[in-house]
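The values are calculated or read from the model by the stated rules, or taken from the named source; none is laboratory data. Predicted model, so just to flag it, every value in this text is computed and none were measured. Note that each Cβ is placed from the backbone with ideal geometry, even for glycine, and that neighbours are counted across all protein chains shown.
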Amino acid sequence: MKKKNHKYIFIIGGVMSGVGKGIASSSIGKILQSKGFKVNPIKVDPYLNVDAGNMNPTEHGEVFVLDSGLETDQDMGNYERFLEMDLNDGDYMTSGMIYKYVIEKERNLGYRGKCVEAIPHVTQEILRRIKSASDEHNSDISLIEIGGTIGDYQNILFIEAARTLKIKNPRDVIFIIVSYLPVPGSLGEMKTRPTQNAVRQLNSYGVQPDIIIARGVQLLDHRRKEKIAMACAISPENVISAPDIKSIYDVPINFEKDKIGSIILKAFHLRSNTNGNSLKEWKDFIRKRDKAKKELQIAVVGKYFDTGDFVLSDAYVSVIEAVKFSSYWNEASTKLTWINSKEYEIDPKKISELKKYDGIIVPGGFGESGIEGIIMAIKYARENKIPYLGLCYGMQLAVIEFARNVVGWSDAHTAEINPKSSHLVIDIMPEQKKLLAEEKYGATMRLGAYPAILKKNTIAHNAYDTEEIFERHRHRYEVNPEYIEEIEKNGMIFSGTSPSGKLQEIVELPKSIHPFFLGTQFHPEFKARPLHPHPLFTAFIKACLKNK
Ligand code: GLN
């Protein structure tokens, strides 16, 4: 049943992209939760891709996978981590998804002969989805982040949909602009004009913001707050100062310094449902982080690292955050060093640099580039007893390395790279073969959460402390059952399998041989949360601390 007077907050970016709308939305959600409200976040991506699955991570950052298997934008990961929620398909939409639905509905005579138009049919479909997501979560307040920047052509229909919702429910809808205030080097002064222009442009769409979040390298002073307030017709208290800070997890606390929570509640004529104790657990987590004294050095070996620092951290954001959470709860801070595995292919002697690291991670990936270098790094980790964590591709390549160098099948490989190998220890599933032959790439991998059963007295079982787990997948290839017996005989343990026993989900080496060597076919990083670090990452970090 729909609650009466459900509230909607639309969050839009001003001036330029990349100023942290996702973190701002997550943080506002966190604050509203701490005031006793049930929130649901929605991410709108205005591009034409139907989902984020076919996009190169160097192009658009990490593809975040939901339990359902939907491949989405990395902001969905931030929402899940900040808000401690598992999100659903209805919490994400792209223009491609909406248009596809509207066009298919038209083809099926769903509009009963009407001329189907962007306005109102597309905007109505957008609103239908927004409302149904809030129903699904039975929430009090929906936070809808509209991707892109004011002035983009692609997000206009979403802003128009929001405008019509506001017209019909003036007391239940507010707009927040996350804008940017540059400080030109030659002036050393924060400039408000670009933000004023962004607001004017939004006004020209018929929308007036209620709150402006002023991002910038420094605090926004009162004089400039007043200037923005005067030019943009809002009160100075509703201009929130959001300077760059140490970590994204400090943002909710920082926003509260300018009382954004009470300002939102006041705009909605709502009162806080809790008294005090605001963000207590969150602050405990921050305190733990600030206490971290031990320092770990972990090497992340893979590809996608050669497009510059900015992009690589985006491509693996969930892995980075998962490492942070498990480190902080163990009073450690971890420095990740990104190593492009191609360097080891060019200069094999370089591999010994791995000696200086307390642990090695090989994250997920696709394709051929840098693969032999990664296999060299895994061999080094195995032989030199450096804690190793392999995620998806990192698990498959660990099986290949073991098959080549321990079992003795020197040409062991994955069908993804060398389908002619005489030992395809990683192979394609028959249904996948058909999909690829038909060039059906979109949303056709093994995606989303599946159960796995853990073998007793293994690293995996000890870490999870339970027999059945649910973890999220995103892969096309699998350990080939034909070779399992032989690999096992040589000492590798398959410690997690699908309930039928057919699919191998976790591999590891016995503790007697190696302090920590484990690979997962799934992506545990998608389920790591600040307040609930992931047990496998925690076990890995503990092993790294021991290895130090
Ligand atoms: N490329 C591998 C596969 O498709 C691994 C995928 C991944 O690491 N996410 O199975």
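Considering the range 475-514 alone, what residues qualify as being among the basic types (Lys, Arg) and over 25 Å from Thr444 (Cβ atoms)?
Of the residues in the range 475-514, the ones among the basic types (Lys, Arg) are 476, 489, 502, 511.
Once the filter is applied, which keeps residues that are among the basic types (Lys, Arg) and over 25 Å from Thr444 (Cβ atoms), the range 475-514 yields Lys489, Lys511.
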Inside the range 347-372, can you point out the residues that are within 16 Å of the ligand (Cβ to nearest atom) and either part of a helix (DSSP H, G or I) or basic (Lys, Arg) (or both)? Ile371, Glu372
Can you tell me how many residues within the range 402-433 are assigned to a helix (DSSP H, G or I), within 15 Å of the ligand (Cβ to nearest atom) and free of Cβ contacts under 8 Å to residues at least 40 places away in the same chain? 3
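If you take just the strands (runs of 3 or more DSSP E) that sit entirely in the range 208-324, which of them hold at least 2 residues that are surrounded by fewer than 12 Cβ atoms within 10 Å (Cβ to Cβ), of a type in the set (Asp, Glu) and at pLDDT below 90? Break it down stepwise before answering.
On the way: elements: 211-216, 239-243, 294-302.
So the answer is none; nothing clears 2.
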Looking at Leu436, Leu447, which one is modelled with pLDDT under 95, within 13 Å of the ligand (Cβ to nearest atom) and assigned to a helix (DSSP H, G or I)? Leu436
Of the residues in the range 377-400, those that are touching a strand residue (DSSP E or B) at 6+ places or on another chain (Cβ under 8 Å), part of a loop (DSSP other than H, G, I, E, B) and more than 16 Å from the ligand (Cβ to nearest atom) come to Ile386, Pro387
Between a first residue in the range 60-76 that is aromatic (Phe, Trp, Tyr) and a second residue that is not in a strand (DSSP E or B), which pairs have beta carbons less than 7 Å apart while being 6 or more apart in sequence or on different chains? Phe64/Asp73; Phe64/Gln74; Phe64/Met76; Phe64/Gly77; Phe64/Ser318; Phe64/Phe526
Only one of Pro182, Pro236, Pro170 is out of contact with any His (no Cβ under 6 Å at 6 or more places or on another chain), in contact (Cβ under 8 Å) with a residue 24 or more places away in the chain and at negative phi. Can you tell me which? Pro182
Specify the residue that is farthest from the ligand (Cβ to nearest atom); the eligible residues are those in the range 450-493 that are crowded, with 19+ Cβ neighbours inside 10 Å and farther than 21 Å from Glu525 by Cβ. Ile493
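Could you check how many residues of the range 36-55 are surrounded by fewer than 20 Cβ atoms within 10 Å (Cβ to Cβ) and either of a type in the set (Phe, Trp, Tyr) or touching a helix residue (DSSP H, G or I) at 6+ places or on another chain (Cβ under 9 Å) (or both)?
If we filter the range 36-55 for residues that are surrounded by fewer than 20 Cβ atoms within 10 Å (Cβ to Cβ), which is where we start, we get 36, 38, 47-50, 53-55.
Now restrict to residues that are either of a type in the set (Phe, Trp, Tyr) or touching a helix residue (DSSP H, G or I) at 6+ places or on another chain (Cβ under 9 Å) (or both): 38, 47-50.
Qualifying residue count for the region: 5.
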Would you please list the contacts, defined by Cβ atoms under 6 Å and residues six or more apart or on different chains, that run from a residue in the range 365-376 that is touching a residue at least 40 places away in the same chain (Cβ under 8 Å) and over 9 Å from Val301 (Cβ atoms) to a residue that is among the basic types (Lys, Arg) and crowded, with 22+ Cβ neighbours inside 10 Å? Gly365/Lys303; Ser369/Lys303
Please work out which one of (1) more than 16 Å from the ligand (Cβ to nearest atom); (2) more than 27 Å from the chain's Cα centre (by Cα); (3) outside any helix (DSSP H, G or I) is the condition Glu343 fails and give its number. (3)
Look through Glu482, Glu486 and report the one residue that is farther than 30 Å from Leu87 by Cα, part of a helix (DSSP H, G or I) and at pLDDT 95 or above. Glu486
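Hey, any hits in the range 86-95 for a residue that's in a helix (DSSP H, G or I), in contact with a helix residue (DSSP H, G or I) (Cβ under 8 Å, 6 or more places away or on another chain) and within 18 Å of Pro120 (Cα to Cα)? Full working, then the answer.
Looking only at the range 86-95, we keep the residues that are in a helix (DSSP H, G or I), and these are 89-91, 95.
Subset that is in contact with a helix residue (DSSP H, G or I) (Cβ under 8 Å, 6 or more places away or on another chain): 90-91, 95.
Now narrow it down to the ones that are within 18 Å of Pro120 (Cα to Cα): 95.
The answer is yes; a qualifying residue exists.
Just give me the residues in the range 325-334 being within 20 Å of the chain's Cα centre (by Cα) and not in a helix (DSSP H, G or I), in sequence order. Please lay out each step first, then the result.
Within the range 325-334, the subset within 20 Å of the chain's Cα centre (by Cα) is 325-328, 334.
Matches in the range 325-334: Thr334 only.
Before we move on, is Glu525 in a helix (DSSP H, G or I) and either surrounded by fewer than 17 Cβ atoms within 10 Å (Cβ to Cβ) or aromatic (Phe, Trp, Tyr) (or both)?
For Glu525, the condition - in a helix (DSSP H, G or I) and either surrounded by fewer than 17 Cβ atoms within 10 Å (Cβ to Cβ) or aromatic (Phe, Trp, Tyr) (or both) - is not met.
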Can you name every residue in the range 181-204 that is closer than 12 Å to Ile228 by Cα, not in a loop (DSSP other than H, G, I, E, B) and not β-branched (Val, Ile, Thr)? Arg193, Pro194, Gln196, Asn197, Ala198, Arg200
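In the range 496-531, what count of residues is obtained for those that are within 18 Å of Val407 (Cβ to Cβ), touching a strand residue (DSSP E or B) at 6+ places or on another chain (Cβ under 6 Å) and more than 16 Å from the ligand (Cβ to nearest atom)? Even if it seems obvious, please write down each step before you answer.
Filtering the range 496-531 down to residues within 18 Å of Val407 (Cβ to Cβ) leaves 504, 507-510, 513-514, 517, 519.
Cutting the leftovers down to touching a strand residue (DSSP E or B) at 6+ places or on another chain (Cβ under 6 Å) gives us 504, 507-509, 517, 519.
Of the ones still in play, those that are also more than 16 Å from the ligand (Cβ to nearest atom) are 508-509, 517.
Residues in the range 496-531 being within 18 Å of Val407 (Cβ to Cβ), touching a strand residue (DSSP E or B) at 6+ places or on another chain (Cβ under 6 Å) and more than 16 Å from the ligand (Cβ to nearest atom): 3 in total.
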Considering only the range 13-40, state which residues are within 17 Å of the chain's Cα centre (by Cα) and not in a helix (DSSP H, G or I). Gly18, Val19, Gly20, Asn40
